[in-house]
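Read through the structure below, which is laid out as structure tokens, and then see the notes.
The values are calculated or read from the model by the stated rules, or taken from the named source; none is laboratory data. Being a predicted model, the structure only gives us computed values, none of them experimental. Glycine also receives a Cβ, built like all others from the backbone with ideal geometry; neighbour counts cover every protein chain displayed. Just so you know, the surface numbers come from the protein's heavy atoms only, side chains and all, with ligands and any DNA or RNA stripped out. Shrake-Rupley method; radii C 1.70, N 1.55, O 1.52, S 1.80 Å.
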Amino acid sequence: MEKQEGPETAAVRLDDPWYDALADGWGELDGIPAAAEAVPDGGRTPGPAPSAADIYGEVQRGAAFQEVRGRYRRFVVPASLLFFLWYLAYVIAATTAPGLMARPVAGAVNVAMVAGLGQFLSTFLLTWAYARHARLRRDRAALELRWHTQEMTRGAAR
């Protein structure tokens, strides 16, 4: 977010692709302003329109949606399993190997403290990795898919 300067100093601009898309006239179809879309047929001849459920079902079966979901699963499933195994190893070691966990590493810091702090660190690293993966591998495709879906449902509402 960045604060805009000027007479409206309380106005805040969000760095959000949806905000930018709407601000850039995304609500206009084929050069027809969004206000003209309120006309029952939007200046077009009415035809049989599919329902929103049909449109979303079609999108869900489409290759673009399956690719976005596949990218999501290829990251989330292994990362979740790895994180869960790391957490389980920590809990099992803490309960079954107290001698190992009590072994000093540096001064009063022992293996259990280092592993516990490692849990926090791995949580933050996993969150960062997920956000990076989403930004680089899924967000643009999901945004394009959503735009396409919104245009299809807007056409069905006429």
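A single member of ARG103, ARG140 is basic (Lys, Arg) and within 22 Å of the chain's Cα centre (by Cα), and it is ARG140. Inside the range 65-101, residues that are in contact (Cβ under 8 Å) with a residue 40 or more places away in the chain, open to solvent by 60 Å² or more (accessible area, probe 1.4 Å) and more than 15 Å from ALA142 (Cβ to Cβ) make up a count of 1.
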